[in-house]
């Protein structure tokens with residue numbers, strides 16, 4: 001019997017985990033990692049583009065030094081106003097300038113400080129510790145320093161601040177201590193204000209009202225508890241600090257100090273889940289409370305240069321027609337809130353409510369129950385769609401249209417139970433809508449039982465294609481998500497790479513269109529899904545190793561899984577580590593949450609099995625890590641069970657996008673039965689003995705270059721593997737050699753596949 005074609009096209013099903021995989025639809029996948037369904041085709045996940053690191057600067061700060069040469073000091077502690085650096089702070093390499101009398105020492109980027117004009121004065125610096133030694137300088141010389149450093153704290157907010165222009169916004173980021181704004185790089189936003197939240201106190205912001213000069217007011221709260229921070233606001237002018245906001249709410253002089261969330265609604269500023277009392281330290285959390293201001297001006301205190309018109313009674317609930325409050329009749333906490341049409345949907349832990357406008361001046365709002373079973377557990381999981389609000393709770397992914405609530409995760413019903421519940425895991429979930437690609441994303445921490453590292457920060461991104469109701473999973477580490485408005489469209493002539501060198505498809509969003517960004521656990525900010533491969537996203541904080549033991553990298557909260565592939569660059573030049581590691585590609589084996597060892601690829605074994613060893617060297621700083629994402633697209637288990645027959649697989653034809661590079665391609669593994677770790681098309685017996693290379697008749701490589709001589713954007717490629725079994729599974733991925741080389745830079749898109757199959761006799765005991 002000849003082979004018959006099974007034509008699989010119009011991919012729509014995506015990831016499905018609620019059925020046995022041998023009865024899945026032909027276009028469904030039990031594993032879909034770092035790939036997703038996009039407009040009826042399979043698309044490899046795009047990479048993240050480096051936008052910047054959260055960064056603080058000190059300009060011409062005087063050093064309190066005395067005595068003569070040599071001077072040995074720590075930059076931070078010898079400033080005229082000493083600072084205590086964060087535990088993992090890192091001085092920016094190449095940006096340190098120290099003026100000693102008439103001599104200027106300039107950072108060379110390799111731990112040395114050269115003088116200008118040339119003199120006998122020398123200097124060295126350790127970027128990680130901040131230790132500096134200066135030799136040959138005159139006694140008691142006047143000394144100043146200019147430098148920048150990265151606090152390396154986790155990102156706790158990526159929020160959009162509205163500017164005065166139409167459709168003009170700027171990105172404001174937070175870590176646990178400082179606020180930053182983006183302007184050709186990140187700079188501290190309104191220095192002088194320090195925040196005191198933990199690594200799960202995320203920032204909620206809103207834009208509402210204007211100051212006396214018509215600058216928009218930007219509000220922020222991090223819900224950090226009675227020993228934390230108040231609600232604050234600013235007009236964004238650098239000369240003005242953040243202003244604390246604590247309006248009186250009654251005649252007893254109780255105040256509103258904190259809230260989980262705040263939104264303008266029907267001309268009032270409305271807050272949810274509040275802390276109220278005489279002082280912040282003695283305030284009481286009102287977990288079910290909704291409190292609002294009077295219509296119009298919410299300010300009760302004058303702020304010179306910003307707020308001149310006030311309403312002293314704007315928040316008082318004991319004065320008719322001013323402020324007020326409602327308590328939801330439940331014992332649950334208010335968790336999140338968002339608009340649906342002209343109502344506010346409120347998620348509690350296990351229930352859903354809505355706040356409806358009544359039109360009355362005395363009781364302007366009423367609370368109504370929508371669902372008694374389904375709610376949300378994470379404030380920032382709530383994603384607004386055109387006519388609904390989607391949040392993630394303990395029972396599933398829930399959509400509310402203000403009339404009813406339903407689960408939308410029927411295809412992946414158990415996934416929410418994989419979210420880590422340790423270390424405030426559920427609070428860390430963040431969601432956002434991707435308007436450009438018509439997707440929605442949620443970050444979450446995944447901590448399987450076999451993982452002894454106990455990962456705290458999110459290390460996965462759940463992907464929802466809301467056009468066809470399909471799902472996928474990305475292996476990203478992102479603590480928060482937000483939007484970044486490009487001020488200009490990218491122009492090709494402004495790029496640093498040539499067309500041949502570029503590793504990303506040239507398409508971009510329009511000017512002022514909001515790109516999705518994510519901040520991570522080390523203070524890196526990345527533009528998501530902008531190019532084929534990732535750029536740097538982790539920093540190195542120490543390196544140890546010798547000629548007999550594997551090299552160990554310290555990168556606090558690296559969030560890496562065993563088996564992930566990384567590339568290392570930017571270690572300070574002039575060291576042994578820089579020579580051996582810069583530009584290298586390695587396999588990661590974590591030892592704990594902050595450290596991992598690295599292994600090199602061996603062309604002999606075809607695996608990352610060779611320990612990286614280094615001669616004893618001194619680490620002086622620097623080093624960044626780029627994560628090389630692999631992808632896994634695993635099919636259903638194709639079969640002829642309905643005929644009581646085995647299945648014989650002959651070959652597979654794939655319609656793929658072409659890529660103009662010789663090494664472009666990916667791998668296809670064929671599995672029999674349920675042995676999903678033993679591909680049968682790359683066994684040793686498939687090696688051609690004459691050439692000592694893989695027999696191309698039984699091939700596993702899918703090239704994505706055009707072989708016809710025609711300039712075609714798509715091409716059919718055939719993969720052979722004669723296999724007979726009860727079940728046949730196909731898997732598309734990069735092999736180790738492709739991950740170690742440059743093939744991983746290939747864009748992968750599969751438009752259709754044709755499996756050539758035939759029934760092959762009794763299915764009893766075949767392959768068992």
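The values are calculated or read from the model by the stated rules, or taken from the named source; none is laboratory data. These numbers come from a predicted model, not from an experiment. Positions of Cβ are backbone-derived with ideal geometry, glycine not excepted, and every protein chain shown enters the neighbour counts.
Regarding residue 134, is this residue over 29 Å from the mean Cα position of the chain (by Cα), without any contact (Cβ under 8 Å) to a residue 12 or more places away in the chain and not in a loop (DSSP other than H, G, I, E, B)?
So residue 134 fails the test.
Looking only at the stretch 204-218, which residues are assigned to a loop (DSSP other than H, G, I, E, B), over 13 Å from residue 161 (Cβ atoms) and touching a residue at least 24 places away in the same chain (Cβ under 8 Å)?
Correct list: 211, 212, 214.
Can you tell me which residues in the stretch 273-323 are more than 24 Å from residue 350 (Cβ to Cβ), in contact with a strand residue (DSSP E or B) (Cβ under 6 Å, 6 or more places away or on another chain) and either assigned to a strand (DSSP E or B) or not assigned by TED's automatic domain parsing to the domain that holds residue 234 (or both)?
Across the stretch 273-323, the qualifying residues are 276, 277, 292, 303.
For the stretch 224-258, how many residues meet the condition of being at positive phi and in contact (Cβ under 8 Å) with a residue 40 or more places away in the chain? Full working, then the answer.
First pass over the stretch 224-258, keeping only residues at positive phi: 225, 236, 253.
Okay, now just the ones that are also in contact (Cβ under 8 Å) with a residue 40 or more places away in the chain, so 225, 236.
So the answer is 2.
Taking strands (runs of 3 or more DSSP E) that do not extend beyond the stretch 32-102, which have at least 2 residues that are closer than 15 Å to residue 144 by Cβ? Write out each step before concluding.
Details: elements: 35-38, 41-44, 47-53, 56-62, 71-74, 97-100.
Passing ranges, in order: 56-62, 71-74, 97-100.
Which of the strands (runs of 3 or more DSSP E) contained wholly in the stretch 363-453 include at least 2 residues that are out of contact with any helix residue (DSSP H, G or I) (no Cβ under 9 Å at 6 or more places or on another chain) and touching a residue at least 24 places away in the same chain (Cβ under 8 Å)?
Strands (runs of 3 or more DSSP E) meeting the threshold: 365-371, 397-400, 405-407, 430-434, 439-444.
Looking at (1) over 13 Å from residue 398 (Cβ atoms); (2) at pLDDT below 95; (3) not assigned by TED's automatic domain parsing to the domain that holds residue 301, which is the one condition that is false for residue 372?
All conditions are met except number (1).
Here are the criteria: (1) surrounded by fewer than 16 Cβ atoms within 10 Å (Cβ to Cβ); (2) assigned to a strand (DSSP E or B). Tell me which single one residue 337 does not satisfy.
The single condition residue 337 does not satisfy is (1).
Count, please, the residues in the stretch 339-361 that happen to be within 19 Å of residue 433 (Cβ to Cβ) and in contact (Cβ under 8 Å) with a residue 60 or more places away in the chain.
Final tally of qualifying residues: 4.
Of everything in the stretch 1-31, what is outside any strand (DSSP E or B), within 29 Å of the chain's Cα centre (by Cα) and surrounded by 13 or more Cβ atoms within 10 Å (Cβ to Cβ)? Give them in sequence order.
Correct list: 11, 12, 13, 16, 17, 27, 30.
With the requirement that a residue be more than 23 Å from residue 361 (Cα to Cα) and surrounded by fewer than 21 Cβ atoms within 10 Å (Cβ to Cβ), what does the stretch 281-306 give you?
281, 282, 284, 285, 286, 287, 301, 302, 303, 304, 305, 306
Which residue is farthest from residue 523 (Cα to Cα), if the candidates are limited to the stretch 624-661 and must be free of Cβ contacts under 8 Å to residues at least 60 places away in the same chain and surrounded by fewer than 20 Cβ atoms within 10 Å (Cβ to Cβ)?
My answer is 642.
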